[in-house]
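Visitor: Mind having a look at this structure? Questions to follow.
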Amino acid sequence: LLADERHFSDYVLSEILGLQPEETQSFLLDSSCLLRLNAELCDYIRGTNNSREILQELEQKNLFLIPLDSQGEWFRYHEMFRDSLFKRLRKNQKAHLIELQTRAIDWLIEHNQPHEAIEQAVLLQEWELLARLLESNGNNLIHEGHHLPMLEWIAAIPEQLKSRSPRILLLRIWALFFSNKIEVIQPLLDELEALIDQQRLANIETSTDELVDLHSEISLIRSYIARSQSDLRGASQLTKQVLEELDSTNMPLKSVTYYGIGLDSFTVGDLESAETALKAAIEHGKRE
């Protein structure tokens with residue numbers, strides 16, 4: 001199989017790529033870093049305005065380009081074809097490849113496709129890029145319901161990268177929380193607080209806003225652990241503390257916080273307060 005793949009790769013590079021006009025060669029190599037492509041995305045990463053014409057030409061030549069919709073907007077390359085081109089690009093133009101991938105991720109995020117941006121980083125095995133994407137977009141993705149994929153994405157990141165990132169560890173904790181695996185979270189919270197203290201002692205710079213966000217999230221999760229252990233007083237104190245801190249953070253946590261307050265009020269029979277808190281949870285959830 002490996003011999004067949006090498007033979008196909010040699011065929012792609014010598015008999016197909018080498019026979020194309022220079023502009024088409026450049027387009028094929030640059031766009032090989034994309035798992036799906038359309039004209040706008042290709043123009044963006046390459047800084048050009050002729051991608052639509054080149055895509056139409058490739059489609060007419062039947063050059064390993066597979067349409068993904070009936071409008072002729074989105075395409076992908078045959079996987080072995082793309083892989084051959086991508087290996088050439090990575091070997092000969094590593095810095096250019098990083099620039100192309102970064103621009104592709106920026107475009108996908110700007111067009112509200114963070115999930116696909118992350119999937120692209122996973123499939124291209126760009127682990128540092130994946131870690132940065134999760135740190136920036138992970139909370140919103142979890143609150144949109146992507147907690148199970150989040151566990152898979154985090155599992156793909158090499159341990160040496162994960163062990164340096166409090167945010168990645170906290171994303172794993174949140175993903176477990178929304179998977180109703182509260183019983184396994186406590187030791188991970190202890191590990192997270194130890195990592196934060198370790199980085200502080202090592203003078204690894206963490207912004208004040210990030211520290212406040214981390215502290216608020218840890219307190220909120222601990223409140224749910226207390227609630228699951230019938231420690232209503234501890235849960236209530238932690239939740240109200242978090243609510244005070246949230247005014248100074250940008251984290252999408254108010255819906256979860258008010259939900260906790262609603263649970264506490266309901267448990268003690270204060271139905272009016274419970275209703276008020278749960279309505280607030282719904283409203284904040286819509287915005288978040």
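The values are calculated or read from the model by the stated rules, or taken from the named source; none is laboratory data. Just so we're clear, the structure is a prediction, and the values are computed from it rather than from any experiment. Neighbour counts run over all protein chains shown; Cβ positions are idealised from the backbone, glycine included.
Visitor: Please go through the stretch 176-189 and pick out each residue that is of a type in the set (G, A, S) and under 15 Å from L253 (Cβ atoms).
Guide: The first filter runs over the stretch 176-189 and keeps only residues of a type in the set (G, A, S), leaving 179.
The answer is none; no residue qualifies.
Visitor: Show me the helices (runs of 4 or more DSSP H) entirely contained within the stretch 11-85 in which 3 or more residues are closer than 16 Å to Q101 by Cβ. If you could, list the steps in order and put the result at the bottom.
Guide: Values: elements: 22-31, 39-46, 51-60.
Per the criteria, 22-31, 39-46.
Visitor: Quick check on this structure: which one of L63, L85, L28, L55 is without any contact (Cβ under 8 Å) to a residue 24 or more places away in the chain, aliphatic (A, V, I, L, M) and farther than 25 Å from P149 by Cβ? Show your work before the answer.
Guide: On the way: L63 fails: without any contact (Cβ under 8 Å) to a residue 24 or more places away in the chain; L85 fails: without any contact (Cβ under 8 Å) to a residue 24 or more places away in the chain; L28 fails: without any contact (Cβ under 8 Å) to a residue 24 or more places away in the chain.
Within the list L63, L85, L28, L55, the selection yields L55.
Visitor: Now for a separate question. Hey, K94 hits all of (1) in contact with a Ser or Thr (Cβ under 8 Å, 6 or more places away or on another chain); (2) free of Cβ contacts under 8 Å to residues at least 40 places away in the same chain but one; which does it fall short on?
Guide: So K94 meets the others, but not (1).
Visitor: Mind listing whichever residues of the stretch 59-73 are surrounded by fewer than 15 Cβ atoms within 10 Å (Cβ to Cβ) and within 12 Å of N38 (Cα to Cα)? First the steps, then the outcome.
Guide: Filtering the stretch 59-73 down to residues surrounded by fewer than 15 Cβ atoms within 10 Å (Cβ to Cβ) leaves 59-62, 66-73.
I66, P67, L68, D69, Q71, G72, E73, listed by residue number.
Visitor: Moving on. How many of the residues making up the stretch 92-117 are under 14 Å from C42 (Cβ atoms) and either crowded, with 16+ Cβ neighbours inside 10 Å or in contact with a Cys (Cβ under 8 Å, 6 or more places away or on another chain) (or both)?
Guide: Going through the stretch 92-117 one residue at a time, the tally reaches 6.
Visitor: Pairs under 6 Å by beta carbon, first residue free of Cβ contacts under 8 Å to residues at least 60 places away in the same chain in the stretch 261-288, partner part of a helix (DSSP H, G or I) and of a type in the set (K, R), six or more apart or different chains?
Guide: Cβ pairs passing all conditions: H284/K254.
Visitor: Could you list, in sequence order, the residues of the stretch 118-164 that are touching a residue at least 40 places away in the same chain (Cβ under 8 Å), of a type in the set (A, V, I, L, M, F, W, C) and surrounded by fewer than 18 Cβ atoms within 10 Å (Cβ to Cβ)?
Guide: The one that is touching a residue at least 40 places away in the same chain (Cβ under 8 Å), of a type in the set (A, V, I, L, M, F, W, C) and surrounded by fewer than 18 Cβ atoms within 10 Å (Cβ to Cβ): L123.
Visitor: Enumerate the pairs (first residue in the stretch 231-243 and more than 8 Å from T257 (Cα to Cα); second residue anywhere and among the hydrophobic types (A, V, I, L, M, F, W, C) and part of a helix (DSSP H, G or I)) with beta-carbon separation below 6 Å, excluding pairs fewer than 6 apart on the same chain, so at least 6 apart or on different chains.
Guide: If the second residue must be among the hydrophobic types (A, V, I, L, M, F, W, C) and part of a helix (DSSP H, G or I), the pairs left are G234/A226; A235/A226.
Visitor: Based on what the data block shows, is D30 of a type outside the set (A, V, I, L, M) and at pLDDT below 90?
Guide: Values: of a type outside the set (A, V, I, L, M): yes; at pLDDT below 90: no.
In short, no.
Visitor: Pick from the stretch 80-91 the residues that are among the charged types (D, E, K, R) and more than 16 Å from L58 (Cβ to Cβ): which of them is surrounded by the fewest Cβ atoms within 10 Å (Cβ to Cβ)?
Guide: So in the stretch 80-91, the residues among the charged types (D, E, K, R) come out as 82-83, 87-88, 90-91.
Subsequent filtering for residues that are more than 16 Å from L58 (Cβ to Cβ) retains 83, 87-88, 90-91.
Values: D83: 16, K87: 14, R88: 17, R90: 15, K91: 9.
Result: K91.
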